[in-house]
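Heads up, the thing below is written out as structure tokens.
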Amino acid sequence: MPHMPLFRGRGLFTAVAVVAVCVLAARPASSQSVNLPYHASMTAAEIVDQIQSHNRSRSDALRHFKALRHYAVQYKGFATTLAAGMDVEVTYDASSGKSFRVVSQSGSKFLCEKVLQRAVDSEKEASADKGATALTSANYKFQLTGTDVIEGRLAYVLQVDPLTESKFLYRGKIWVDAADFAVVKIDAEPAKNPSIWISRTQIDYTSAKTGDFWLPSQNRSETKVRIGGTAVLTIDYGTYQVASNDPHCCVGTK
């Protein structure tokens with residue numbers, strides 16, 4: 001690859017890694033003991049309060065999980081196509097937090113190091129400061145725009161706008177399960193453009209119910225370069241093994 005396109009690619013790949021964190025930083029959400037009815041009269045502020053309240057309860061209930069994630073990135077542009085993949089074992093423990101172990105990697109070594117490894121490292125950074133990434137009124141302005149049905153379940157749709165241009169925040173729409181108050185879908189873009197070479201980055205994220213818990217399922221971030229080229233980062237969060245403080249909760253699958 002010529003020197004100048006490679007330089008531009010570095011800015012692009014860094015942006016993709018940072019964008020991934022915007023959605024990865026979301027805390028796990030569970031449906032345990034939160035079978036609340038849908039209330040059409042709820043305000044955005046009340047919904048956000050419910051999200052925070054239930055997140056605290058669910059965080060206390062979640063004791064451990066393990067999953068094998070698959071990260072993949074592909075870059076097309078400047079008459080060049082590059083691709084890489086990485087399998088990462090992720091373990092969460094309530095006492096020690098998350099740990100990451102790279103199991104295998106393939107394809108471009110440059111992409112593995114500059115994009116996929118940075119995506120993993122960025123999640124570690126975000127996990128260390130949950131307050132800065134939390135879906136709260138301290139970080140976002142919220143507006144309730146309506147309701148929708150996701151996988152047969154009713155959800156509130158909220159417009160979210162960041163109060164600061166942090167690399168860990170985003171702007172766009174979130175879908176909140178009306179019974180469990182878990183974020184089940186995000187359609188957004190990063191609050192801060194990490195490079196002048198980037199014209200736009202689109203984030204699409206979904207979570208799924210695993211046993212008694214909602215956990216990340218799929219993430220796709222597509223970044224376009226101002227002078228041409230596209231990078232797509234995808235994360236398949238795999239199958240979870242979950243343990244909670246509820247003695248009736250055991251292994252769950254995605």
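Cα-based values for segment 114-180, radius of gyration first and Dmax second, are 14.4, 40 Å. Working ranking of peptides 170-182, 92-104, 199-211 by packing, defined as the average number of other Cβ atoms within 10 Å per residue, highest first, is 170-182, 199-211, 92-104. Pairs of Lys residues in segment 114-254 that lie 8 or more places apart, or on two chains, and have C-alpha atoms under 15 angstrom apart add up to 8. Applying the Karplus relation 6.51 cos²θ - 1.76 cosθ + 1.60 with θ = phi - 60° to segment 168-175 yields 3J(HN,Hα) values of 9, 10, 8, 10, x, 10, 10, 10 Hz, where x marks Gly and Pro. Scanning residues 5 or more positions from S199 or on other chains, those with amide H under 5 Å from its amide H are K224, V225, R226, with H placed 1.01 Å from N in the peptide plane. Distance between the 7 Å Cα→Cβ label points at S41 and K76: 5.2 nm. Listed values for segment 46-57 are Karplus-derived 3J(HN,Hα) couplings in whole Hz (6.51 cos²θ - 1.76 cosθ + 1.60, θ = phi - 60°), namely 5, 5, 5, 4, 5, 4, 5, 4, 6, 4, 4, 5, and x replaces Gly and Pro.
Our coupling estimate for segment 133-139, obtained by passing each phi through the Karplus curve with A = 6.51, B = -1.76, C = 1.60 and θ = phi - 60°, is 10, 5, 7, 10, 5, 6, 10 Hz, Gly and Pro reported as x. Look at the Cα gyration tensor of segment 89-132: its axes a ≥ b ≥ c give a/c of at least 1.5 with a/b at or below b/c, and that counts as oblate.
Any read-out appearing in this document is the output of simple, stated calculations on the displayed coordinates, not a laboratory observation. In this text, all values refer to a predicted model and were calculated from it rather than measured experimentally. Cβ coordinates were reconstructed from backbone atoms using ideal geometry, including for glycine residues, and neighbour counts include every protein chain displayed.
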